[in-house]
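Q: Can you keep this structure in mind? I'll have questions shortly.
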Amino acid sequence: MDANVLADMLRRDREEWNALVAALDAQPGGPVHDPESPAWEAKDVYNHFARWIDHSTDNLEAQLAGRPTTILEGSDNEINACWQTQGAGLRFTQARKQAHAAFERRIAAIGRAARPLGQSAHRDRARRRLSALLGSPALRRSGGGNSHLR
């Protein structure tokens, strides 16, 4: 993965994020899913994004530092339900702020991992390492990789 591909990926991530934010901000109260899905409001979706993005960023940072990653126990539905219960007391503005902070932290972590791409002495090794990290099974299971939003 070269620096241009990475920059394009991060640009598309930000565009997708902005579209999601616009949709959630347009309906801050009331269910945002179809009637057959859990009755999540925008604050629940923001909480969901914040939790998964933070978890996958924790794993990305752990891998970069050579530490073990964390695999969450339970199915995605069980994890989501647990996190929704834990975040039930959040107000819309709190959940939104946490999700934005998680997203910016994620983008910054990817940027830090990519910095060596511009340094010729470390470029090939950094490319291989970043490509491996962004495609790693541990990050995919944790909501990371190229599709860090579940």
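Q: Only residues that are surrounded by 13 or more Cβ atoms within 10 Å (Cβ to Cβ) and within 14 Å of Ala99 (Cβ to Cβ): list them for the range 17-35, please.
A: Answer for the range 17-35, where residues must be surrounded by 13 or more Cβ atoms within 10 Å (Cβ to Cβ) and within 14 Å of Ala99 (Cβ to Cβ): Trp17, Leu20, Val21, Leu24, Pro28, Val32.
Q: Turning to a different aspect of this structure: Among the helices (runs of 4 or more DSSP H) lying completely within the range 62-150, list those that include at least 2 residues that are modelled with pLDDT of 90 or more and farther than 28 Å from Asp8 by Cβ.
A: 76-86, 92-114
Q: Let me ask something additional. Mind checking whether some residue in the range 36-47 is buried (at least 18 other Cβ atoms within 10 Å of the Cβ), in contact (Cβ under 8 Å) with a residue 60 or more places away in the chain and part of a helix (DSSP H, G or I)?
A: no
Q: Considering the range 53-64 alone, what residues qualify as being surrounded by 24 or more Cβ atoms within 10 Å (Cβ to Cβ) and hydrophobic (A, V, I, L, M, F, W, C)?
A: Ile53, Leu60
Q: Given the conditions (1) touching a helix residue (DSSP H, G or I) at 6+ places or on another chain (Cβ under 7 Å); (2) in a helix (DSSP H, G or I); (3) in contact (Cβ under 8 Å) with a residue 40 or more places away in the chain, and given that Glu16 satisfies all but one, which numbered condition is not satisfied?
A: (1)
Q: Looking only at residues in the range 59-87 that are under 16 Å from the mean Cα position of the chain (by Cα) and acidic (Asp, Glu), which one is nearest to Asn47 (Cα to Cα)?
A: Selected residue: Asp76.
The values are calculated or read from the model by the stated rules, or taken from the named source; none is laboratory data. Model, not experiment: these values are computed from the prediction. With ideal geometry, Cβ positions are generated from the backbone for all residues, glycine too; neighbour counts draw on all protein chains shown.
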